[in-house]
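Okay, so here's the structure we're looking at.
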Amino acid sequence: MFRKKTIKIAIPITAIGIALGIVACGGSDSASTAPTTATAYSGPGSKWDISLSSDNTFSVTHRDTAADPVDMTVTGSYTRQANGIVKLTVGAAVDGAGGALSSPANGDTAWALDVPGYAFMLRPMDATNDQLIPMVVSGECPTTNLNGNWVTVKTDAGTDATNTGRDFFGTFTFDSATQTGNLPSRYSLANPTSTLGANPIGNGTCSDGIMSISDGIMYLATNGAIVRIGTDTPADSTDDNFIFALGQKSITSIANLEGTYAGMLFDDNNTAGSKINPVRMVCDNAGACTAAQFDTDLTTALPGSVAFDFSGGTPDIPSSGWYLIIITINHARLSRIWSDS
């Protein structure tokens, strides 16, 4: 039986606003006669790196920690779908000595959301794993202060979204002079207008976009950051939290939400390995949005859709770059993580 449940949701519009129009470009990439260039991203889990080349090839590597040698390398080709999804097809995979992961087979596919030059959100290559892999542009230590908004993309086991004392989103700052990260404000999903106060993340020395802190690691870029907290127990990922931050961008008006977006739907009711699925959402300038989920081929929209009406919400609440609205959903345990593309 489905139960209606009214919840307050703060939409991370900061990230979405950066990428308006990317989906509209659509289509598959084609090789160019220009010199081959590449964009590289890095992120936790334990450490992933991916490079996307302009000739439509990719390379993914994994390490147990940022300091360990590579224990898995996957190469292949990618295409950009018209719905904003990047499809990666494995051409070759090699396991390194002592690697904890099993490499995918040739022909296997994975998918991701790419905001070129900003962030890359990879759906796990392991078919039984439902942990999203967030990445930011690699090798860039911020040279100026960073002010951003953050959302949780992984919580420790047993986290309760109805807990008013549990933070899920907020604001992020990085002081480049002191090499210090901070969460000036934190908010729960159950009470998204009341701050839970600040949480200093810590400081260290950024090198190649990576900075170790007392109980975690930060992946830094000039326009965003990913923080992994809980690495004091490296063999146990259940107590780890990942937060993902991008620079603030004020909304000011409901009309600024107009656009076409690619996203990720997380449904804990699905079986292991199929809890994260691609979705596409279209919004008009009055705040009326329709979202559809895609099949495993990443191009065929599944029957049915979900409509959202954001017209009754408030822009830049609880802080700049957020949009707060009360919606009703017909599923007691459904949660969504939206990304941009």
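Just for the range 289-305: of the residues that are free of Cβ contacts under 8 Å to residues at least 24 places away in the same chain and of a type in the set (Val, Ile, Thr), which one is nearest to residue 108 (Cα to Cα)?
Step by step, filter the range 289-305, then rank; the result is 296.
From (1) touching a residue at least 40 places away in the same chain (Cβ under 8 Å); (2) assigned to a loop (DSSP other than H, G, I, E, B); (3) out of contact with any helix residue (DSSP H, G or I) (no Cβ under 9 Å at 6 or more places or on another chain), pick out the condition that doesn't hold for residue 131.
That leaves (3) as the condition not met.
For the range 306-323, give me the residue count where each residue is touching a residue at least 12 places away in the same chain (Cβ under 8 Å) and part of a strand (DSSP E or B).
6
Restricting attention to the range 252-300, which residues are closer than 21 Å to residue 321 by Cα, surrounded by 13 or more Cβ atoms within 10 Å (Cβ to Cβ) and among the polar types (S, T, N, Q)?
256, 260
Would you check which residues across the range 39-64 are in a strand (DSSP E or B) and among the acidic types (Asp, Glu) and list them?
Matches in the range 39-64: 49 only.
Does residue 139 qualify as being within 20 Å of the chain's Cα centre (by Cα), more than 24 Å from residue 276 (Cβ to Cβ) and either among the small types (Gly, Ala, Ser) or crowded, with 21+ Cβ neighbours inside 10 Å (or both)? Show your work before the answer.
On the way: within 20 Å of the chain's Cα centre (by Cα): yes; more than 24 Å from residue 276 (Cβ to Cβ): yes; either among the small types (Gly, Ala, Ser) or crowded, with 21+ Cβ neighbours inside 10 Å (or both): yes.
Yes: the conditions hold for residue 139.
From 326, 276, which residue is over 19 Å from residue 113 (Cβ atoms) and touching a residue at least 60 places away in the same chain (Cβ under 8 Å)?
Result: 326 is the single residue among 326, 276 that is over 19 Å from residue 113 (Cβ atoms) and touching a residue at least 60 places away in the same chain (Cβ under 8 Å).
Looking only at the range 247-275, which residues are aliphatic (A, V, I, L, M) and outside any loop (DSSP other than H, G, I, E, B)?
Correct list: 254, 255, 257, 262, 264, 265.
Here are some residues: 268, 309, 316. Which one is at pLDDT below 85 and of a type in the set (Asp, Glu)?
268
I'm checking my understanding of the structure. Among residues of the range 282-298 that are of a type in the set (S, T, N, Q) and under 20 Å from the mean Cα position of the chain (by Cα), which one is modelled with the lowest pLDDT?
296
Considering each of 303, 278 in turn, give the residue that is modelled with pLDDT of 85 or more, in contact with a strand residue (DSSP E or B) (Cβ under 6 Å, 6 or more places away or on another chain) and either part of a loop (DSSP other than H, G, I, E, B) or within 30 Å of residue 217 (Cα to Cα) (or both).
None of the other options fit; the residue is 278.
Within the range 148-155, is there a residue that is part of a loop (DSSP other than H, G, I, E, B) and either basic (Lys, Arg) or surrounded by fewer than 16 Cβ atoms within 10 Å (Cβ to Cβ) (or both)? Steps first, please.
First, the residues of the range 148-155 that are part of a loop (DSSP other than H, G, I, E, B): 155.
Narrowing the set further to residues that are either basic (Lys, Arg) or surrounded by fewer than 16 Cβ atoms within 10 Å (Cβ to Cβ) (or both) leaves none.
There is no residue in the range 148-155 that is part of a loop (DSSP other than H, G, I, E, B) and either basic (Lys, Arg) or surrounded by fewer than 16 Cβ atoms within 10 Å (Cβ to Cβ) (or both).
What number of residues within the range 160-211 satisfy the criterion of being among the charged types (D, E, K, R), farther than 18 Å from residue 321 by Cα and assigned to a strand (DSSP E or B)?
Selection size over the range 160-211: 1.
The values are calculated or read from the model by the stated rules, or taken from the named source; none is laboratory data. Because the structure is a prediction, the values reported are computed rather than measured. Every residue, glycine as well, gets a Cβ built from its backbone with ideal geometry; the counts of neighbours run over all protein chains shown.
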